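Take a look at the structure below.
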Amino acid sequence: MTALQPERLAAGIAAEARHLMDPAEGPIEQAFMQMACDHPETCVCTTITHHLRVAMLLDTAISQGGEWTTRRVQRFYRAAGIPAPLWATARKDLHALNMQGHLVLHEGDAGRRFYTVNTRKDTTA
C-alpha cells in the first residue's frame, strides 16, 4: 500500500471537477440537464459545493500558474459563474489549498499576500 501523492490527488480532484462541470454530450444527458434547468429547485447547475469550488480553483491555479490573490480568485469565480463573490470565501478557499499543501503562501511588504502553486516534489518535509 502506498501513500497518496499530492500531485495525483490534485489531478484526481481537478478531473472530477471537470467531469461534473462538463456533462457528456449524449441526448440522454442533454435531456436530463434541460429537465433539471426547467426545475430550478432540483437543478445542479445553480448550486456548487465547497469541495467542487476549491477543486476548480486548484485546477485553474495549476493550469494558469502565477500569483493568486483573493481578488484574482473572485474574478475567476465570477467568470466561471460560481456564486461565491465574497472576499472571505476567496481567502478561505486559498487558505484551504495552502493547508492541503497545494499552494504556497507569500507575504510581502505592506501586508501584500498571495499564493503560488506548490511545485516541490517532496511535500512531507
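Structure data summary
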| item | result |
| --- | --- |
| Helices (runs of 4 or more DSSP H) within the stretch 1-117 that include 2 or more residues modelled with pLDDT under 55 | 6-21, 27-38 |
| Search result, residues across the stretch 47-75 that are of a type in the set (A, V, I, L, M, F, W, C) and either surrounded by 19 or more Cβ atoms within 10 Å (Cβ to Cβ) or farther than 14 Å from VAL117 by Cβ (or both) | ILE48, LEU52, VAL54, ALA55, MET56, LEU57, LEU58, ALA61, TRP68, VAL73 |
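The values are calculated or read from the model by the stated rules, or taken from the named source; none is laboratory data. On a predicted model such as this, the values are computed, not experimentally measured, just so you know. Because the Cβ atoms are built from the backbone with ideal geometry, glycine has one as well, and the counts that use them run over all protein chains shown.
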